[in-house]
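For reference, the structure is listed below as structure tokens.
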Amino acid sequence: MTIMKSDVQSKLTEENVQPVTLADIEQAAARIVGRVARTPLVRASTLSEYTGQSVHLKLETCQPVGAFKLRGAMNAILLLDDAARERGLVTASTGNHGRAVAYAARELGVPAIICMSSLVPANKIEAIRLLGAEIRIVGLSQDDAQEEVERLTKSRGLTPIPPFDHADVVAGQGTIGLEIVKNLPELATVLVPLSGGGLAGGVAVAVKALKPQARVIGISMKRGAAMHAAIAAGKPVAIREEETLADSLGGGIGLQNHVTFALCRDLLDDIILLSEDEITEGIRHAARNECVTVEGAGAVGIAAILADKAELSGPTAVIVSGGNIDPNIHQKIVEGTTL
Ligand SMILES: *Cc1c(COP(=O)(O)O)cnc(C)c1O
């Protein structure tokens, strides 16, 4: 799957997709500095011993909302003009993206509406309400909530902030790649959690531009790995959503994908798929050995190493993408009473 840069350029033009460049990511970094955390990259001694390579964890769990999504949301909102900021933002995510949009909007004094279906659990609704966003409950599914986003976009001129398939969001997520290369210049491999591909796509653009020899490997759960299925099929395909411990990695990549499909297809060196048991081990290891609380999606890089599925060839960065996990589930996993 390794493709030379010139091929990438021609493919991108051919499909008329929106490209994201190193310059976009560098500008994003300058734009969001001071508004998001520059997260620590810490050496993981047990994983380093286990693999014989020096393994480092990029702890996006340290972002104010507990996940990297703040980078992309902040960059996209900062790029809006005054009129758009005055009208406000809208999105349909109830997870880390919804939190990130709510947090960034409040920081920047921009009104935000988060649309959700009536099936969203009360604790998730409350978490977003506490961040100051207006909540709109509509219908019985995520699709109903997304339709409300489109209605509000048309009727009130609100700006939709999508969770991954948007060049400004991808550029924001790519700032993680810049920080990793700066802190670990001898980088050989990056392990990145992969769902819609905003994170993996942005990180791959930055890393491949600065360290063309470094490998960027995406990691998803076996249950509903949308990007993996799309790359195998040669185009975005509908997938069946299944329950998974890596809930932040669920959902499709969008049948009309404009940005992340081409980036992931052209820039990722490999994609690893994990079982639920393997993800559980990753969460447990992070808590017991690295002293970090990680959610399923955030644990997949660690899990891939423990499952001997990641071939490491030198200094390695593992992106620990988020820490928002139900505390009861986390406790059971760490105590080892569930697998
Ligand atoms: C959204 C998310 C991901 C996946 O990011 P994509 O850009 O959709 O691939 C991974 N981990 C966490 C914690 C997330 O919230």
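Taken together, the values in this text are just the output of simple stated rules run on the coordinates, not laboratory data. Note that the structure is a prediction, hence the values are computed from the model and not measured. Ideal geometry is used to build each Cβ from the backbone, glycine not excepted, and the neighbour counts take in all protein chains shown.
The helix-only estimate of mean residue ellipticity at 222 nm for the chain, built from DSSP H runs of length n ≥ 4 each weighted as -39500 (n - 2.57), is -14500 deg cm²/dmol after division by the residue total.
Taking one quarter of the surface of the convex hull spanned by the alpha-carbon atoms of the chain gives a direction-averaged projected area of 15.6 nm². Pairs Lys182/Lys211; Lys222/Lys309; Lys211/Lys235; Lys58/Lys309: which are spaced more than 22 Å apart, C-alpha to C-alpha? Cα-Cα > 22 Å for Lys211/Lys235; rest within. Each Cα pair under 8 Å and six or more residues apart adds its sequence gap; the mean of these over the residue count of the range 69-160 is a relative contact order of 32 percent.
Remark: relative contact order (the chain) = 20 percent; criterion is Cα-Cα distance under 8 angstrom and separation of 6 or more residues. The Kirkwood hydrodynamic radius of the range 198-247, based on inverse pair distances between different Cα atoms, is 12.5 Å. Each peptide in 42-52, 191-201, 157-167 was scored by the mean count of other Cβ atoms within 10 Å over its residues; highest first, the order is 191-201, 157-167, 42-52. Volume per residue of the convex hull around the Cα atoms, evaluated for the range 230-339, comes out as 120 Å³. If the segment from Ala83 to Arg106 were pulled out straight at 0.36 nm per residue, it would be longer than the present Cα-Cα gap by 6.6 nm.
Local charge for His285 was computed over the other residues whose Cβ lies under 13 Å away, with Lys and Arg +1 and Asp and Glu -1, and equals -3. Other residues within the sphere of radius under 12 Å centred on the Cβ of Gln53, judged by their own Cβ, net out at -2 (K and R +1, D and E -1). Cβ-to-Cβ counts within 10 Å put Arg240, Arg156, Arg215, Arg265 in ascending order as Arg240, Arg156, Arg265, Arg215, the fewest first. Summarising the overall dimensions of the range 69-160 from its C-alpha atoms, the Rg and Dmax are 12.1, 35 angstrom. Projected label points at Ile329 and Ser45, each 7 Å from Cα along the beta carbon direction, are separated by 3.1 nanometres. Between the alpha-carbon centres of the range 123-199 and the range 270-325 there is a gap of 21 Å.
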